[in-house]
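Each value in this text was obtained by applying a stated rule to the coordinates, not by laboratory testing. Predicted, not measured: the structure shown is a model, and the values here were computed from it. Neighbour counts run over all protein chains shown; Cβ positions are idealised from the backbone, glycine included.
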Amino acid sequence: MKSAVIVFPGSNRERDMLYALELITGVKPVAVWHTETTLPDVDLVVLPGGFSYGDYLRTGAIAGRANIMTDVARKAKAGTRIMGVCNGFQILCEAGLLPGVLMRNAQLKFVCKEVGLEVANAKTDFTSKYSEGQVWHCPVAHGDGNYFASPEDLARLEGEGQVVLRYAKGENPNGSLNDIAGIINDRGNVFGMMPHPENMIEPLNGATDGRVLFESVLEAVA
Amino acid sequence: MIRNDVTITPELVAEHGLKPDEYQRILDLIGREPTLTELGIFSAMWNEHCSYKSSKKWLRTLPTTGDRVICGPGENAGVVDIGDGQAIIFKMESHNHPSYIEPHQGAATGVGGILRDVFTMGARPIAALNALRFGEPSHPRTQHIVAGVVAGVGGYGNSFGVPTIGGEVNFDPSYNGNCLVNAFAAGLADTDKIFYSEAKGVGLPLVYLGSKTGRDGIHGATMASAEFDHDTEEKRPTVQIGDPFSEKLLLEACLELMASGAVIAIQDMGAAGLTCSAVEMGAKGGLGVELNLDMVPCRETGMSAYEMMLSESQERMLMVLDPKREKDAEAIFHKWGLDFAVIGKTTDDLRFRVMRHGELMADLPIKDLGDQAPEYDRPWIATPKRNAVAIGDVPAPNDLGETLATMLALPDMCSRRWVWEQYDHLIQGNTAIGPGGDAAVIRIGEGPKALAFTLDVTPRYCAADPVEGGKQAVAECWRNLSAVGAEPLAITDNLNFGNPEKPEIMGQFVGCIQGIGEACRALDFPVVSGNVSLYNETNGKGILPTPAIGAVGLLPDVSQRATVAFKAADETIVLIGETTGHLGQSIYLRDILGRRDEGTAPVVDLAAERLHGNFVRSEIRAGSLTAVHDISDGGIFVALAEMAMAGGMGATLSTPDDLPLHAWGFGEDQGRYLVTLPEKALAHFLGRAEMANVPAICIGQTGGKQLTLGAGTPISLERLTQAHEGWLPNYMAQAVEV
């Protein structure tokens, strides 16, 4: 599987993502600088975590308008799998590729801890190797993970099975609506999530639950 | 003669923190009255923070060399060889005064400064820790300072992208008007790609990189060298503002530039900004420096030479570049959206010249700015010895279990989860042991090697007996590293004290240094970097002597590490080390009985410390131990409770017959560990301990959901955990009346 990771100024988990992708797919991913205008021909495009542009205007707002995002939108339309993690999820929302927005955590504090994630939809390319309702463990590390969408958008997301991951009961770390941790677009190729599966891939991390997500994509591509 | 539009009055000299005799020294050195810019430069170079004028004499007594030491104190950070062509580069530095005035920005820029020290030398930061000390919880400012400092530390490190993996948090009334924020950072570099600040070559371009210069932080270092009084609030403008986003860009740009081979010398602009960095680079290389301030990228218009030389704007670097590579270098910086400007050159005349609008604003002998800084042998008196407390004079608690629950919920003893969950401790994906253990462990690259990190000091011991307290701080770090299975390599020290002009404070300083030196020599644990913060006083009252130690250890194989959590039921708990029931200066005496500052500090037997640590480490590496925890504040009972809470599993202890239970369990004798192992392995283990001459006795078994401490009523783990986890979040959620 060929993959690319977009690097914005202020991205800081791009190295974690590059490492995870290479470890799991066996192919070195391409790092793409934000000023580029064309993405390489790949099976998966990842927008990694971090604080692009310092998150100074609004998380993901400036990166959502970066040069490279025009081609990300084009690729999304053409059906290429796009995944945004943490800041990447925020950027996908800001770029209009996913509905809703990620607001400041309800407790108004950054939170880094391991949480349980419940698979709400195991029929996506990103979760097919999990089972529906399965709870797996994954770290979160963010200050703005409080997912919000309009009642119409939310009803559509819930109705169409576009809510892919939820924080397990009682473990919502940020106050997000309906415990939403990850969503997918209606076409099923653009996926965003707040937690960090790339930090849950080897025994050193305490568990390898996050690996399954990458293996799902790997299987979908094959 | 250069123009001087401002008359230098004694008042102006005093405002710059210079004593009359120090000013006379300036007049003697340059043979004329200094200009205002020159006076500012001298004040920046000769203040305590930059010149170490009160501490230098004593710092020289510390051991700073060793087989693995590549670079000791004097550079931006210490460099230690970890084999395979790799080095760990680390340092700890205080940002106490700014953090009290403006907690969020003060702490944030403290983190920024120490990260810069590390990557200036070519290292990519892999770990950050911090030692924080706040006033008593009931003080009206404490909650506000805790909230601001923690948010500031987290906000900077999280955005920059370094895991913040541990440290210390303490509360004490002596920090009411003067909190301590000591930030530690460590980075990884190849031993053949380490960058230093010594400028080489005449006529080479001096390049300014990073953020623009503004009026923030002017005289920050001078402020850090003065006591606080009621007007402290007015010093807010001297606090710098941090921008972790710029720092992250600066990191990537610097590492890219270093890899390109264009960098000859590099120095970050920290305390006293442009002045200190330019003078150090020139003086170290035996070269003069000429600066044209018109070329400095400024954030504000109309800045004077004086302001520019003293600004402490953050995220800035100074480099000497290979002139042939100037264009490549500029391209790299522009790619990262950072300022790049040639602002001067090296010269061969050993003068430090500063030009502004075509006029010479300063012309000083560069060597004398550093080398000729005053150095004091300040009078000191040794801290009087405290009287010992006899065990018989310390009453036992009515209910041991409840007392333990109370102790685990003390401000100094409770869980720090509320703090470290605000720090990204998992980024980079190499965190093998995160916050909450004896030492944090970070894997190196793809392994199997790993490094362990810890910070420690027990200020109440240092106050009671500076020599023993100094020894204890080093020994506890050594113990923490050994307890995870790491070989202790070297330390950095962050020496926080009150006003050194008072002989009793200077006596604390001298005593602590003596203790630190003794321990470092006995444990082959050299000091490779450090920082001194004096004048930590408010309205004439000093803080507890707080020589915080940061230490680094090496694990050859990350899979051979130990953690504190109990792993399985029916395992044997073994106590390593000698127990005499030392209750002097203990948490039990201070906080349960309210007898503050009573008794002697526990004595550290350095030979035993070394023996016990080496034994525990070798057993961890042999895979024979299932859990390991060092014993410190609160003694055996607290260590046991922490192991139980971490593992979600209780234990039953057998009662000692030679000591009262509370003295045995809450005493704070040094050089001890609790370990667990399967029962069937016990006999062989005790045999090996005996062979190694290490005291080891079986004191109980794991299992159940409660702690049974000898004959006392058992206490449930749930009750202990609630008490332990509850205090800090509850305290921070309280509405405070100001």
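Beyond 16 Å, how much of the Cα-Cα pair distribution for segment B:593-647 remains, as a whole percent? Display every interim value, and only then the final one.
Values: 910 of 1485 pairs.
Beyond 16 Å sits 61 percent of the P(r) for segment B:593-647.
Sequence neighbours fewer than 8 away in the same chain don't count; with that in mind, list the aspartates and glutamates whose C-alpha is under 12 Å from B:Lys91.
B:Glu75, B:Asp117, B:Asp493
Sort the following peptides by mean Cβ neighbour count (other Cβ atoms within 10 Å, averaged over residues), highest first: B:448-460, B:203-215, A:67-79. Numbers along the way, then the final one.
Numbers: B:448-460: 25.4, B:203-215: 21.5, A:67-79: 16.2.
Taking the mean over residues of other Cβ atoms within 10 Å, the ranking is B:448-460, B:203-215, A:67-79.
Which value, to two decimals, describes the C-alpha radius of gyration of segment B:495-564 once divided by 2.2 N^0.38 Å? Provide the component values of the computation, followed by the final result.
Working: Rg = 16.2 Å, N = 70, 2.2 N^0.38 = 11.1 Å.
Here the Cα radius of gyration is 1.47 times the empirical estimate.
Add -39500 (n - 2.57) for each DSSP H run of 4 or more in chain B, then divide by its residues: what number comes out at 222 nm, to the nearest 500 deg cm²/dmol?
On the way: 24 runs with 253 residues, N = 738.
For chain B, the value works out to -10000 deg cm²/dmol.
What distance in nm separates the simple spin-label points at B:Ala622 and B:Ser260, each placed 7 Å from Cα in the Cβ direction?
5.5
In Å and from the alpha-carbon atoms only, list the Rg and Dmax of segment B:84-203.
16.3, 59
Gap in Å between the Cα centre of segment A:4-74 and the Cα centre of segment B:493-545?
47
Gain in length, B:Ala692 to B:His144, computed as 0.36 nm per residue apart minus the alpha-carbon separation, to one decimal in nm?
On the way: separation 548, 0.36 × 548 = 197.28 nm, distance 5.05 nm.
Between B:Ala692 and B:His144, full extension yields an extra 192.2 nm.
Can you tell me the equivalent ellipsoid semi-axes for chain B? Use √(5λ) from the Cα gyration tensor, largest first, whole Å.
Numbers: eigenvalues 435, 148, 98 Å².
Whole-Å semi-axes of the equivalent ellipsoid: 47, 27, 22.
Taking amide H positions as placed 1.01 Å from N in the peptide plane, with prolines and chain starts having none, which residues 5 or more places from B:Asn499, or on another chain, fall under 5 Å of its amide H?
HN-HN under 5 Å from B:Asn499: B:Tyr535, B:Asn536.
Counting just the Cα atoms, what span does the protein assembly as shown cover along each of its three principal axes? Round to the nearest Å and put the largest first.
83, 81, 56
Subtracting the Cα-Cα distance from 0.36 nm times the residue separation, let me have the gained length for B:Lys541 to B:Asp294 in nm, one decimal. Let's see the in-between values first.
Numbers: separation 247, 0.36 × 247 = 88.92 nm, distance 4.43 nm.
Going from the current span to full extension adds 84.5 nm.
Mean residue ellipticity at 222 nm from the helices of chain A, using -39,500 (n - 2.57) per DSSP H segment of n ≥ 4 over the full residue count, to the nearest 500 deg cm²/dmol?
On the way: 5 runs with 50 residues, N = 222.
Estimated from H runs of four or more residues: -6500 deg cm²/dmol.
With the alpha-carbon atoms as the only input, what is the per residue convex hull volume for segment B:20-142 in Å³? Each step should come with its number before you reach the end.
Working: hull volume 24.0 nm³, N = 123.
Taking only Cα atoms, segment B:20-142 has a hull volume of 195 Å³ per residue.
P(r) tail for segment B:488-621, what percent of Cα pairs lie past 21 Å? It would help to have the intermediate numbers written out before the result.
Values: 5440 of 8911 pairs.
Counting pairs separated by more than 21 Å, the tail of P(r) holds 61 percent.
How many Cβ atoms of partner chains, on average, are near each residue of B:418-427 if near means within 10 Å of its Cβ? Kindly include the intermediate steps, with their values, before the conclusion.
On the way: counts 1, 0, 2, 8, 7, 3, 13, 4, 13, 11.
So the per-residue partner count for this stretch is 6.
Applying 1/(1 + (r/R0)^6) with R0 = 25 Å to the Cβ-Cβ distance of B:Glu33 and B:Ser304, what FRET efficiency is obtained, to the nearest 0.05?
Numbers: r = 18 Å, r/R0 = 0.73.
After rounding, the FRET efficiency stands at 0.85.
How do the peptides B:416-423, A:200-207 rank, highest first, by the average count of neighbouring beta carbon atoms within 10 Å per residue?
On the way: B:416-423: 21.1, A:200-207: 18.6.
Result, highest mean Cβ count within 10 Å first: B:416-423, A:200-207.
Normalised by the number of residues in chain B, what is the relative contact order in percent for Cα pairs under 8 Å and 6+ residues apart? Don't skip to the answer; put the middle values down first.
On the way: 1903 pairs, mean separation 113.3, N = 738.
Relative contact order comes out at 15 percent.
To make sure I understand, if each residue's beta carbon is the centre and we count other beta carbons within 10 Å, what order do B:Met258, B:Met691, B:Met308 fall in, fewest to most?
On the way: B:Met258 22, B:Met691 9, B:Met308 27.
Listing B:Met258, B:Met691, B:Met308 from fewest to most nearby Cβ atoms yields B:Met691, B:Met258, B:Met308.
Pick from A:Val164, A:Val135, A:Val27: which is most flexible by mean-square fluctuation in a GNM of chain A where alpha carbon atoms under 10 Å apart are linked?
Answer for the Gaussian network model of chain A: A:Val27.
For each pair in B:Lys284/B:Lys324; A:Lys28/B:Lys212; A:Lys77/A:Lys109, compute the distance between the two Cα atoms and list the pairs where it is over 32 Å.
Details: B:Lys284/B:Lys324 23 Å; A:Lys28/B:Lys212 37 Å; A:Lys77/A:Lys109 36 Å.
Table pairs above 32 Å Cα-Cα are A:Lys28/B:Lys212; A:Lys77/A:Lys109.
5 Å is the cut-off here: which amide hydrogens, built 1.01 Å from N in the peptide plane, fall below it relative to B:Glu571, excluding neighbours closer than 5 in sequence?
B:Thr702
Using the count of nearby Cβ atoms within 10 Å as a rough guide to exposure, how do B:Val320, B:Val69 rank from fewest to most?
Details: B:Val320 27, B:Val69 18.
Ranking B:Val320, B:Val69 by Cβ neighbours within 10 Å, fewest first, gives B:Val69, B:Val320.
Considering just Cα atoms, how many Å³ per residue does the convex hull of segment A:76-194 enclose?
Working: hull volume 10.8 nm³, N = 119.
Dividing the Cα hull volume of segment A:76-194 by its residue count gives 91 Å³.
About its Cα centre, what dipole magnitude does the protein assembly as shown give when the only charges are +1 on Lys and Arg Cβ and -1 on Asp and Glu Cβ, stated in debye to the nearest 20?
Working: 79 positive and 120 negative charges, 244 e Å.
Its charge dipole is roughly 1180 debye.
Which whole number gives the average count of other chain Cβ atoms within 10 Å of the Cβ atoms across peptide B:439-446? Could the numbers behind the result be given before it?
Numbers: counts 0, 0, 1, 0, 2, 0, 1, 4.
Mean shielding by partner chains, rounded to a whole number: 1.
Using a basic spin-label model with each label point 7 Å from the Cα along Cα→Cβ, how many nm lie between B:Ala733 and B:Asp349?
The modelled label-to-label distance comes out at 6.9 nm.
If you rank B:Ile442, B:Ile697 by fewest surrounding Cβ atoms within 10 Å, what's the result?
Numbers: B:Ile442 24, B:Ile697 14.
Final ranking by Cβ density, sparse to dense: B:Ile697, B:Ile442.
Specify the inter-centroid distance of segment B:267-286 and segment B:50-71, based on alpha-carbon positions, in whole Å.
Using only Cα atoms to place each centre, the spacing works out to 19 Å.
Just tell me the longest site-free run in chain A, where the sites are GluC sites (Glu not before Pro) in a DSSP loop having at most 15 other beta-carbon atoms within 10 Å. The partial results should precede the final answer.
On the way: sites that count: A:Glu36, A:Glu132, A:Glu160.
Within chain A, the longest run free of exposed GluC sites (Glu not before Pro) spans A:37-131.
Taking the radius of gyration and the Kirkwood hydrodynamic radius from Cα positions alone, what is the Rg/Rh ratio for segment B:326-422, to two decimal places?
Values: Rg = 30.4 Å, Rh = 22.5 Å.
Rg divided by Rh gives 1.35.
Sort B:642-652, B:467-477, B:85-95 by the packing proxy (mean of other Cβ within 10 Å over each peptide's residues), most packed first.
Details: B:642-652: 21.1, B:467-477: 28.8, B:85-95: 26.5.
Most protected by this proxy first, the peptides run B:467-477, B:85-95, B:642-652.
Using only Cα atoms, figure out Rg for segment A:3-221 and give it as a multiple of 2.2 N^0.38 Å. It would help to have the intermediate numbers written out before the result.
Numbers: Rg = 15.4 Å, N = 219, 2.2 N^0.38 = 17.1 Å.
Against the empirical 2.2 N^0.38 Å value, I get 0.91 for segment A:3-221.
I need the trypsin sites (Lys or Arg not before Pro) found in segment A:158-222, filtered to DSSP loop residues with at most 12 other beta carbons within 10 Å of theirs. Numbers along the way, then the final one.
On the way: sites: A:Arg166, A:Lys169, A:Arg187, A:Arg211; in loops: A:Lys169, A:Arg187.
Those that pass, being in a loop and sparsely packed, are A:Lys169, A:Arg187.
Using alpha carbons only, how many angstrom separate the centre of segment B:322-375 from the centre of segment B:454-490?
41
Using a 10 Å cut-off around each Cβ of peptide B:431-437, what is the average number of partner chain Cβ atoms that fall inside?
Numbers: counts 5, 4, 0, 5, 1, 0, 0.
Taking the mean over all residues of the peptide, I get 2.
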